[in-house]
Structures are given as C-alpha cells and as structure tokens.
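Following: one structure in structure tokens, then a few remarks.
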Amino acid sequence: MNLITTTQQLAEACARLAKHSYVTVDTEFLRESTYFPILCVAQMASAEEAVVVDARADGIDLAPLFALMADERVLKVFHAARQDIEIVWHQAGLIPHPVFDTQVAAMVLGYGDSISYDQLVHRITGDNLDKSHRFTDWTRRPLTAQQIAYAISDVTHLRDVYLALSADLERRGRADWVREEMEVLTSPDTYRLDPDSAWERLKTRVRKPKDLAVLIELAAWREREAQARDVPRGRVLKDDALADIAIHAPTTAERLGSLRSLPKGFERSRWGEAILAATARGLARDPKSLPRLDRAKSSANGAATVELLKVLLRMTSERHAVAAKVIATVDDLDRIAASDDAEVPALKGWRRELFGEKALGLKHGQLALAIENGRVVTVERVANSE
C-alpha cells in the first residue's frame with residue numbers, strides 16, 4: 001500500500017524522496033464550492049517509488065511535504081502547475097522551487113497550445129491513462145484502491161514525460177526558454193490575492209474614469225467577501241453584474257434594484273448595502289489616483305497590421321515547432337501594432353529573437369510575406385536608393 005496517513009510516514013517518505021534530483025508531483029483538490037482550494041490528496045514519485053498522501057487524514061501534519069516543496073536541491077515536476085502551486089502557497093505560504101512544468105515544456109517543443117496531460121502521455125509513451133476517476137469526489141473517505149492506483153499512475157507516467165521532454169529541450173537548445181517561463185510561474189506575485197488589484201483579472205473593459213473607479217471598489221469588495229465566506233467569486237456576484245453596476249453607478253437602493261443583472265430583491269440585502277457603499281467610494285475617488293487604462297491606439301492600418309502579424313506568428317510557430325500561444329497572444333500583436341516599445345513578452349528574450357524582431361520588421365516594411373512552393377515565407381526588402 002502506497003498510502004500515507006500519518007505525519008511520521010510522510011516525514012520518512014519525504015526524506016527518501018529528497019535524496020533524488022527530481023520528484024514528480026500532482027494534487028487532487030476540490031474548489032467548486034470554495035474560494036480557497038481544498039487539498040485532498042498529494043501524490044509524488046521519484047525514480048524508485050511513488051506515494052499518495054492523504055492530506056485529510058486525521059492529525060496529519062503536512063510540514064514535511066511543504067519542506068520538500070521548498071528544497072532547492074530537488075526539482076519538482078508538475079503538469080499545468082499553477083493550481084498545484086497555488087495550493088501550496090495558500091496552505092504553507094511558500095512557492096515550490098525549483099519547478100519544471102511539462103505543459104509549458106510541451107508548448108515550447110511544439111506539442112500544441114495547453115496540451116492535456118493524458119494527450120501528452122499518449123504521444124510520448126503510447127499509454128492511455130484511465131480517466132474514470134478524474135471527477136471523483138476526493139473528499140470522501142476511505143480512499144479506494146482504484147483512486148490510489150489512479151493517483152499513482154499520474155506521477156509515474158509523469159516521470160517518463162519529464163525525462164523525454166527534458167532531453168528534447170537540451171537537444172534543441174531550449175532548456176533556457178522553459179527556465180525563463182518558470183520564473184513567472186514561481187513568482188509570489190502570480191499568486192497573491194490582493195483585493196485592490198482584483199479588477200485587473202476581469203475581462204470587462206470600462207471606458208470612463210468613473211466606471212473604472214467604481215469597478216475597482218466593487219471588485220475589491222467582492223474579493224474580500226469571497227475570501228471571508230470562502231466561496232467562489234461568482235457566488236458573491238457575477239462578473240457581468242459587476243460591470244453593469246460600474247457603468248450605471250447606482251447611488252440608491254431603487255436604482256440598484258432596477259438593474260437586470262441582479263436578482264430581484266438583492267438591493268434590500270446586506271450585500272446591496274455593501275455594493276452601494278463600494279459604489280460611493282468609487283465615485284468619491286480622485287480620478288488622478290486611478291491606474292491608467294492601457295489602451296494603445298493603433299494606426300489607421302492597425303487592424304491590417306495585426307492580421308499580417310498573425311500570419312507571421314503562425315508561420316514562425318510551424319517553422320520552429322513552438323506553440324503560437326507561448327510565443328505571443330493576440331493582445332501582444334495588438335500592442336506591437338500600436339507601439340514598437342510595447343511591454344509584451346513577445347518583444348523580450350528568446351521570443352524577440354524568434355518572432356519579435358521579424359514582427360517589427362514586417363510592421364515597418366523591412367520584411368515582406370510571400371508564398372513560395374505553397375508555403376508562407378519572409379522576404380527581406382531592400383530600400384530603394386535614388
């Protein structure tokens with residue numbers, strides 16, 4: 001049995017795992033009804049063993065697990081690591097380091113945008129993972145033998161995936177690309193839940209300073225409320241409702257109650273009062289204190305420029321076998337079209353060398369796109385001399 005249910009068992013297992021250069025890690029958690037994820041199970045594997053930690057076992061202290069996550073001598077290998085790291089950050093106040101994310105590595109190596117774990121395992125090992133326990137209730141006890149086998153399979157297959165991707169990265173000279181991405185993934189700023197910056201995660205785009213001021217206060221109130229009640233943000237108030245309130249900025253319960261995005265009678269609840277108070281704080285803010293909305297204005301031909309940059313991005317992605325998403329986003333292209341000095345990853349580091357310089361050249365007519373033997377190619381343009 002590979003199941004760990006006591007602190008002593010965990011400490012002994014972590015001591016053994018810490019002797020290896022890397023361990024593969026995965027977690028099973030629940031967060032459908034909570035703000036903070038509930039860690040249920042953590043599974044880890046070295047080259048010699050695999051263990052499953054029952055994080056909800058009576059009396060278990062997860063300190064040895066968190067110490068291993070912080071051990072600089074041991075590389076922690078995850079797939080799509082952000083949520084796993086978020087759990088450790090929330091429970092222990094630390095970021096696992098150093099880490100290797102196989103999903104990021106796969107994108108750098110051309111396996112496609114955000115490839116799923118089971119697809120990656122199949123492409124590298126040929127194995128088909130058992131998906132039957134993917135949506136199982138990991139809070140129920142006791143854990144079944146099937147659940148434990150499923151959890152172990154995840155981290156044992158991850159060993160093979162990591163070794164294959166790591167070797168390929170070294171062979172193709174792209175290991176530094178992944179290390180650069182890991183710096184962002186392991187930055188505490190990625191996981192800090194600051195209510196005052198909660199508005200930045202919203203897809204809502206406001207146009208007026210007044211709207212922005214109210215939105216900032218509303219988003220901060222919702223974030224604090226969700227944290228205090230430990231419920232998902234949407235359980236407190238939906239995003240579209242936040243935007244609706246910010247734009248209309250109601251100052252009375254009657255005006256708040258007239259908004260279609262809110263449930264009937266909401267304005268008479270204590271949350272209605274809190275929303276009106278947040279709206280009032282927003283309206284009272286000095287416009288000069290507001291963050292600047294980054295709305296880069298492109299030229300008259302900006303839309304056409306972006307379309308050409310999209311072609312260049314796709315061509316670059318296919319030529320170098322790197323997922324387009326990891327090179328640049330559509331938002332990056334919009335910003336590049338608007339400014340040569342855009343603060344985007346596509347104009348920094350390896351991305352600039354691979355794509356950014358060509359993107360600027362295309363924008364300024366120093367580079368052209370052409371069709372050659374049925375494929376899009378770049379052609380340097382020579383300036384005409386008089």
Margin query: It is to be established whether one or more residues within segment 261-281 are of a type in the set (S, T, N, Q), more than 25 Å from the chain's Cα centre (by Cα) and closer than 30 Å to VAL376 by Cα.
Written below: no
Next item on the list: Considering each residue of segment 163-207, count those that are under 25 Å from ALA92 (Cβ atoms), in contact with a helix residue (DSSP H, G or I) (Cβ under 6 Å, 6 or more places away or on another chain) and not hydrophobic (A, V, I, L, M, F, W, C), and give that number.
Entry: 4
Checklist line | Members of segment 99-113 that are among the hydroxyl-bearing types (Ser, Thr, Tyr) and part of a helix (DSSP H, G or I) | finding: THR102
Next item on the list: Select, from ALA15, ALA50, ALA81, the only residue that is out of contact with any strand residue (DSSP E or B) (no Cβ under 6 Å at 6 or more places or on another chain) and farther than 24 Å from PRO142 by Cβ.
Entry: ALA15
Next item on the list: Name the one entry in LEU215, LEU202 that is modelled with pLDDT of 95 or more and closer than 17 Å to PRO291 by Cα.
Entry: LEU215
Next item on the list: Six or more apart or on different chains, Cβ under 6 Å: which pairs go from a residue in segment 165-190 that's under 17 Å from LYS76 (Cα atoms) to one that's of a type in the set (Phe, Trp, Tyr) and in a helix (DSSP H, G or I)? Could you list them?
Entry: none
Next item on the list: Sort out for me the strands (runs of 3 or more DSSP E) sitting completely within segment 1-98 that have 3 or more residues that are within 25 Å of the chain's Cα centre (by Cα), at pLDDT 95 or above and farther than 23 Å from GLN146 by Cα.
Entry: 75-78
Check: Can you tell me which residue in segment 125-149 is farthest from ASP54 (Cα to Cα), limited to those that are assigned to a helix (DSSP H, G or I) and open to solvent by less than 30 Å² (accessible area, probe 1.4 Å)?
Finding: GLN147
Notebook entry, point to check: What is the one condition in (1) open to solvent by less than 60 Å² (accessible area, probe 1.4 Å); (2) at pLDDT 95 or above that SER114 does not satisfy?
Noted result: (2)
Notebook entry, point to check: What about ARG292, is it among the basic types (Lys, Arg) and either at pLDDT 95 or above or within 27 Å of THR34 (Cα to Cα) (or both)?
Noted result: no
Margin query: For segment 56-76: of the residues being touching a Phe, Trp or Tyr at 6+ places or on another chain (Cβ under 9 Å) and under 30 Å from ALA226 (Cβ atoms), which is surrounded by the most Cβ atoms within 10 Å (Cβ to Cβ)?
Written below: LYS76
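The values are calculated or read from the model by the stated rules, or taken from the named source; none is laboratory data. Given the structure is predicted, the values throughout are model-derived calculations rather than measurements. Don't worry about glycine lacking a Cβ; one is built from the backbone with ideal geometry, like all the others, and counts go over all protein chains shown. For the accessible areas, the whole protein counts, side chains as well, though only heavy atoms, and no ligand, DNA or RNA atoms are used. Shrake-Rupley method; radii C 1.70, N 1.55, O 1.52, S 1.80 Å.
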